[in-house]
1. Quick check on this structure: which one of B:L159, B:L148 is surrounded by fewer than 15 Cβ atoms within 10 Å (Cβ to Cβ) and under 22 Å from B:S182 (Cα atoms)?
2. Restricting region B:99-118 to residues that are more than 7 Å from chain A (Cβ to nearest Cβ) and not in a helix (DSSP H, G or I), which is surrounded by the most Cβ atoms within 10 Å (Cβ to Cβ)?
3. When you go through A:F164, A:F223 one by one, which is the residue that is more than 21 Å from B:P117 (Cα to Cα) and either in contact (Cβ under 8 Å) with a residue 40 or more places away in the chain or assigned by TED's automatic domain parsing to the domain that holds A:A263 (or both)?
4. So in region B:67-97, with the set limited to residues that are more than 30 Å from B:E28 (Cβ to Cβ) and open to solvent by less than 20 Å² (accessible area, probe 1.4 Å), which one is farthest from the other protein chains (Cβ to nearest Cβ)?
5. Could you pull out the residue among B:S122, B:S96 that is part of a loop (DSSP other than H, G, I, E, B) and either farther than 20 Å from B:L159 by Cβ or over 20 Å from the mean Cα position of the chain (by Cα) (or both)?
6. Name the single residue that is farthest from A:F26 (Cα to Cα) among those in region A:128-184 being in contact with an Asp or Glu (Cβ under 7 Å, 6 or more places away or on another chain) and more than 14 Å from chain B (Cβ to nearest Cβ).
7. Could you list all residues from region A:32-55 that are free of Cβ contacts under 8 Å to residues at least 40 places away in the same chain and either of a type outside the set (A, V, I, L, M, F, W, C) or in contact with a helix residue (DSSP H, G or I) (Cβ under 6 Å, 6 or more places away or on another chain) (or both)?
8. Scan region B:147-191 for residues that are part of a strand (DSSP E or B) and under 16 Å from B:G32 (Cα atoms) and report the count.
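The values are calculated or read from the model by the stated rules, or taken from the named source; none is laboratory data. Everything numeric in this text was worked out from a predicted model, so none of it was measured. Virtual Cβ from ideal backbone geometry, glycine too; neighbours counted across all protein chains shown. In case anyone asks, the SASA skips ligands and DNA or RNA and just uses the protein heavy atoms, side chains included. Shrake-Rupley method; radii C 1.70, N 1.55, O 1.52, S 1.80 Å.
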Amino acid sequence: MLLSLFGAVESGIIYAIMALGVYLTFRVLDFPDLTVDGSFVTGAGVAAISIVNGVSPIVATLLAIVAGFIAGCITGLLHTKGKINALLSGILMMIALYSINLRIMDSPTVSLHSQPTIFSQLRDIWPAGIDSFFNGIFEAVGSRAPATWVIVIFMFVVVLAIKFLTDYFLKTEIGLALRATGDNQRMIRSFSANTDNLIVLGVGISNAMVALSGALIAQIGGFADVSMGIGMIVIGLASVIIGEALFGKKTIAIATIAVIGGAIVYRIVVTLALRVDFLETGDMKMITAFIVIVALVAPKLLQARKEKKRRIQKRQALGQVREGA
Amino acid sequence: MLQIKDVSITFNEGTPDEKKALQGINLELHEGDFVTVIGSNGAGKSTLMNVISGNLVPDVGGVIIADKDVTNLPEFKRSAYIGRVFQDPMAGTAPSMTIEENLAMAFSRIRKRKLKPGVTKSRKAEFREHLKTLNLGLDDRLNAKVGLLSGGERQALSLLMATFTNPNILLLDEHTAALDPSRAALITNLTKEVVAEHGLTTLMVTHNMQQALDLGNRLIMMDKGQIILDIRGERKQELTIEDLLKEFQRIRGEQFESDRAVLG
């Protein structure tokens, strides 16, 4: 039980990078970008094929980021210069990427079996003391211990670094203009910002993050598959929505940490749901849809109930005063 | 400072909906001129504003700002010369961002945006000083989201954002029309103060004739895409609403007469 939760947290943090990318387009830019399903695989495919061809894992991961950035920029250009509706430009790019990804990988699946990855390299230099320390905790509560802590600890550092970079970026002069582009385009244009370029940049950065997430997932799972991105956008959205519902979105810093939390919570919920007897692995997409619906509807219901309670209390208080008089 | 040369623009040309929005407009504003523009709906006031701001490209003619031909410059590039306040109080600010962030974006109007923080300590102090001049208590609410402000407060902030970086041209497009009378009076006063303080070259469209008479040193009246009246200096100071209506009747009446003569 504890071990499978550990696995959920582990993959949750990696998908959190993708969710941050989705946050950037959906929430900051107000651009519903569906490129994600394709660019996730692009990241995975570029990283995998580079590693197989002898590129060092770190460089391969950087190449994946660049590929994702380019894919996102093209979606942005389709929308701004081609004047194609935002949703449609994303969809067009997504299906085009399916073929492009096949070309990149040269086959539907690329295996990384017995190839070096970022994580295998890290494990080589990882001090054994850390693992045995944490495993001691697991064993103390009577659970089997995970194979390694390297992924979870390393990824926490990476994700937090990306979070703080994103927070900083969104507060720079360019970042402010980017946010205003999603908030009030007419206004920011009147303050001499080129909204077209900002949209291209924003969607590019978003998909760079998505591709990074894909590249890391491929290196952990040991393969890249052309269909591994299907439904990725919904998972990203689910993370954003769950995070905002649970942890709030008052400031940028809170919203980004909420998105990371949302990605992890999503994985945990899915893991727990799949342990229920009558649910099968194939039900995962349905579970995802259900989680998103709950995350969207529940806060509104709670809010309505709270309002109603407040009103009733106020009326009762007023009634008592009148009776007293 | 601003020259509009022979600008014409026609919408839906060659269709039954054809509309000659501007017909050979010539207008020159000198530095420090404050011109009020009046005219009925469809007279071409907004089109004129849009041609100046770069929202619309004229069919013929040119726009020159500060001796630079900007006719073909896209809107966002032209904004480096122009401060604008829109009629809709929601249009001039970003609602989900804070007051200080909005001011920081306005601050970047005349500078290249870089990867350094938009709100710094020294800028904050500067923003606070500027906000104090509005006398609305906004200087204590730098971190408040602009969406929480009232329409009047937002419009005052828009006016500040458009002016504190000293634009070459200030365009005010019926910027008090959506406010209640007391807020409108407040914004009108602020406008008067801020234009005088910075000596801004201003073009203000309004439907309120009294406002058009009270503000500025020159008044133009538009009708059917043409400037039909241009009054400046002392003559403008003595002008009354009565005079304006009479003048309109006289000019358009004459034309009506001549039309009838042609048709008859």
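1. Details: B:L159 fails: surrounded by fewer than 15 Cβ atoms within 10 Å (Cβ to Cβ).
Result: B:L148 is the single residue among B:L159, B:L148 that is surrounded by fewer than 15 Cβ atoms within 10 Å (Cβ to Cβ) and under 22 Å from B:S182 (Cα atoms).
2. Top of the filtered list is B:R111.
3. Working: A:F164 fails: more than 21 Å from B:P117 (Cα to Cα).
Result: A:F223 is the single residue among A:F164, A:F223 that is more than 21 Å from B:P117 (Cα to Cα) and either in contact (Cβ under 8 Å) with a residue 40 or more places away in the chain or assigned by TED's automatic domain parsing to the domain that holds A:A263 (or both).
4. B:P89
5. Going through B:S122, B:S96 in turn, just one is part of a loop (DSSP other than H, G, I, E, B) and either farther than 20 Å from B:L159 by Cβ or over 20 Å from the mean Cα position of the chain (by Cα) (or both): B:S96.
6. Only one residue fits best here, namely A:A145.
7. Scanning region A:32-55 gives A:S50, A:N53, A:G54.
8. Of the residues in that region, 4 qualify.
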